[in-house]
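J.: Got a structure here, written out as structure tokens. Questions coming.
The values are calculated or read from the model by the stated rules, or taken from the named source; none is laboratory data. Just so you know, these numbers come straight off a predicted model, no measurement behind them. Ideal geometry is used to build each Cβ from the backbone, glycine not excepted, and the neighbour counts take in all protein chains shown.
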Amino acid sequence: MVEWFTSMSGSEQLLWGVALISTVIFLVILVTTFIAGDSDIHGADMDVDTSVETDFGAGFQFFTFKNLVAFFTIFGWAGIACLDAGLSLNLSLIIATVCGLVMMFLMSMLFYYMNKMTQSGTLEYKNAVNAIGEVYLEIGKNRSKMGKVMVRVQGALREMEALTDHDENLKQSTIIKVASVTDNGILIVKPTN
């Protein structure tokens, strides 16, 4: 193995070194990501791709540790492949750099869209404002008796407690519109006419 490595030119040795070292780091990152889900392992924080507070929520991050490791991994292997195919050193480095940048871009897009797909699942009551629904259990006039309504909030049909400021009781099956939400999550509804 030593003879094989010493028989190469300096540029080939450099590309092999970059490719092997970055591949090992890439595999460690890959394994720890699958095992720990980007959390800390044995007290060492492995998630180095956190958002910077000054990025104003851009979400798309090009220069991250994972992306740089991916760049050097692809750069090294593409450079080795180009030199092995008989291309000149300059052309091999240009092709390897382009391949590495494409990989960085693809990784950035992958993580950007994966982050956009995550949902907290927490019900935000304010999202019910202006929603149209139906009275499920009668609601007393002028907030005299709490009732229940069925309203579609955040893409799901939900049974929620409701009050009304209307001068008449809202009977079952009355079509309502959510006017506001109290601090403790009770809907204030009014009938639609």
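J.: Exactly one of these conditions fails for Asn90: (1) surrounded by 12 or more Cβ atoms within 10 Å (Cβ to Cβ); (2) modelled with pLDDT of 70 or more; (3) not aromatic (Phe, Trp, Tyr). Give me its number.
T.: With respect to (1) surrounded by 12 or more Cβ atoms within 10 Å (Cβ to Cβ); (2) modelled with pLDDT of 70 or more; (3) not aromatic (Phe, Trp, Tyr), Asn90 is out only on (1).
J.: Scanning for something charged (D, E, K, R) and either outside any helix (DSSP H, G or I) or without any contact (Cβ under 8 Å) to a residue 24 or more places away in the chain (or both), does the stretch 102-122 turn up at least one residue?
T.: no
J.: Moving on to the next point. Would you mind finding the one in Gly133, Gly147, Gly155 that is within 30 Å of Gln61 (Cα to Cα), of a type outside the set (A, V, I, L, M, F, W, C) and not assigned by TED's automatic domain parsing to the domain that holds Gln61?
T.: Of Gly133, Gly147, Gly155, the one residue that is within 30 Å of Gln61 (Cα to Cα), of a type outside the set (A, V, I, L, M, F, W, C) and not assigned by TED's automatic domain parsing to the domain that holds Gln61 is Gly155.
J.: Please go through the stretch 116-156 and pick out each residue that is of a type in the set (Ser, Thr, Tyr) and under 15 Å from Thr182 (Cβ atoms).
T.: Once the filter is applied, which keeps residues that are of a type in the set (Ser, Thr, Tyr) and under 15 Å from Thr182 (Cβ atoms), the stretch 116-156 yields only Tyr125.
Here's the yes/no breakdown for (1) crowded, with 16+ Cβ neighbours inside 10 Å; (2) at pLDDT 90 or above:
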site: Leu14; (1), (2): no, no
site: Ser22; (1), (2): yes, yes
site: Leu27; (1), (2): no, yes
site: Gly37; (1), (2): no, no
site: Phe75; (1), (2): yes, yes
site: Ile94; (1), (2): no, yes
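J.: Additional query: Identify the residue in the stretch 134-174 that is of a type in the set (Val, Ile, Thr) and under 22 Å from Leu123 (Cβ atoms) and, among all such residues, is nearest to the chain's Cα centre (by Cα).
T.: Here the answer is Val153.
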